[in-house]
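Novice: Let me begin by handing over the structure; questions about it come next.
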Amino acid sequence: MKGYFGEFGGIFVPESFTPILEELEKAYEEAKKDPSFQRELESYLKDYVGRPSPLYFARRISEDVGCKVYLKREDLNHTGAHKINNTIGQILLAKRMGKKRIIAETGAGQHGVATATVCAMMGMECEIYMGKLDVKRQFLNVLRMELLGAKVHAVEEGSQTLKDAMNEAFRDWLANVQTTHYLIGSVAGPHPYPTIVRDFQSIIGKETKAQILEKENRLPTHLIACVGGGSNAMGFFYPFLDDKEVHLIGVEAGGTGTGIGQHAATLNFGIPGVLHGSKTKVLLDNYGQVLPVHSISAGLDYPGVGPEVAYLQGIGRLQAAYVTDDEAMQGLIYLARYEGIIPALESSHAIGYLLKQKHTFLSSDIVIINVSGRGDKDMNTVHEYIQKKGGL
């Protein structure tokens, strides 16, 4: 069915949203076939974002793990994360549709910064919804957004995190749908958003495939990426879906335990449900209510996941794993100490998985980890964590 990935996906929104989603889908389908749109997108990705991002051979980590480990350096993009790949594409779509105002949700703030960045570049009005808790723990990114000209709304409802920010953004969009484009940051939401965001982010995997073939003359055995909503993971994995010999591993936030409200590991513990306009896996209680979640990483603090990610897990193409807050922090310190790279806490979950599983890899394996963002934004959280632990 159109807009579905197996049983997941679809459009579960009020009827008043239907015309704007149809408009967006039509604009996107036309843009995909328009050489001038593609040229403009490629130009911005190259000259503004700084693509292609490097595929870096992590020599010291490779020696420690016992196989070849490469890092896809999305942290080196302009604004410091993979999020800019999608915001460039969607801002060009919004301009194509004649929209003058952009809204977005953000958790860790990287999507908010990337949205504020492209709005400043295009001269568009920008408003960002961010949970009050995330505003506090990601204040550096809030300052960046405001410096770029965006208005940041601190959402005080619910858990005051990403889910609640997305709820408020949907309410705004419903009230201002004629003039406003909702620039969703992950492969979540109603059709066509999961497809649009995946396609714009698939530049990560396309580059990775070409780069590893040039360096090693063969495909990797493992791709590892963190998963919250799933945009960096789907962009990384998508060009490899038909390469069955490549093992795809999505690493979720295990938080502080497996109890209610202690984690955000939706693929591991969620069930089918509807969240933010699509059917996917969701962390729900016995009454169908969305459960509270926790992660030391604001960008993974989400009770759902993109519908295509849920589908890939369901058919066995993607392995879902999770690491705890402590293991993610160990991954951050490990990458910093071994390679001189400080990753975002989101990306640190993927590094934490590698560290946790390092004795399971064969010497012939080639592992590529998507370092989806840099860790500047998380230094206050890291500092607080180290203080509580009494030092490194």
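The values are calculated or read from the model by the stated rules, or taken from the named source; none is laboratory data. In this text the structure is predicted, and so the values were computed from the model without any measurement. Every residue, glycine among them, receives a Cβ derived from its backbone with ideal geometry; neighbour counts consider all protein chains shown. Ligands, DNA and RNA are stripped out before the accessible areas are found, and what is left, the full protein with its side chains, is counted by its heavy atoms. Shrake-Rupley method; radii C 1.70, N 1.55, O 1.52, S 1.80 Å.
Novice: What ranking do 136-143, 18-25, 172-179, 325-332 get when scored by the average of other Cβ atoms within 10 Å per residue, highest first?
Specialist: Working: 136-143: 19.2, 18-25: 15.9, 172-179: 13.4, 325-332: 23.0.
Result, highest mean first: 325-332, 136-143, 18-25, 172-179.
Novice: Additional query: Please give the per residue accessible area of the chain, computed with a probe of 1.4 Å over protein heavy atoms only, in Å².
Specialist: About 39 Å² of surface per residue is accessible.
Novice: Further, regarding this structure: Just from its helices, what would the mean residue ellipticity at 222 nm be for the chain, if runs of 4 or more DSSP H residues each count -39500 (n - 2.57) and the sum is divided by every residue, rounded to the nearest 500 deg cm²/dmol?
Specialist: Counting only the DSSP helices, I get -13000 deg cm²/dmol.
Novice: Show me, for segment 38-48, the HN-Hα J-couplings you get by feeding each phi into the Karplus relation (A = 6.51, B = -1.76, C = 1.60, θ = phi - 60°), rounded to Hz, glycine and proline as x.
Specialist: Couplings: 5, 5, 5, 4, 4, 5, 5, 4, 7, 8, 9 Hz.
Novice: Any idea what log10 I(q)/I(0) is at q = 0.10, 0.11, 0.12, 0.14 Å⁻¹ for the chain, Debye with uniform C-alpha scatterers and no solvent?
Specialist: -0.58, -0.71, -0.86, -1.21
Novice: Continuing with this model, one more query. Give me the net charge of residue 325's neighbourhood, meaning all other residues with Cβ under 14 Å from the Cβ of residue 325; Lys, Arg count +1, Asp, Glu -1.
Specialist: Taking every Cβ under 14 Å from that of residue 325, the sum is -3.
Novice: What are the equivalent ellipsoid semi-axes of segment 106-214, built from the alpha-carbon gyration tensor (square roots of five times its eigenvalues), in whole angstrom, biggest first?
Specialist: Values for segment 106-214, descending: 25, 17, 15 Å.
Novice: Over segment 16-65, with a single point scatterer placed on each C-alpha, what log10 of the ratio I(q)/I(0) does the Debye formula yield at q = 0.15, 0.17, 0.23 1/Å?
Specialist: -0.65, -0.70, -0.87
Novice: If packing is taken as the average count of other Cβ atoms within 10 Å, what order do 129-135, 355-361 fall into, highest mean first?
Specialist: 129-135, 355-361
Novice: Could you work out what % of the accessible surface of segment 37-141 is carbon and sulfur, using a 1.4 angstrom probe and leaving DNA, RNA and ligands out of the count?
Specialist: 53
Novice: Additional query: For each cysteine in the chain, check whether another cysteine's C-beta sits under 4.7 Å from its C-beta; list those where none does.
Specialist: That list is 67, 226.
Novice: With label points built 7 Å along Cα→Cβ from the Cα atoms of residue 319 and residue 178, find their separation and express it in nm.
Specialist: With each label point 7 Å from Cα toward Cβ, the separation is 5.4 nm.
Novice: So for each of 185-193, 250-258, 120-128, 226-234 I average, over its residues, the number of other beta carbons within 10 Å; can you give me the resulting order with the highest mean first?
Specialist: My ranking of the peptides, most packed first, is 226-234, 185-193, 250-258, 120-128.
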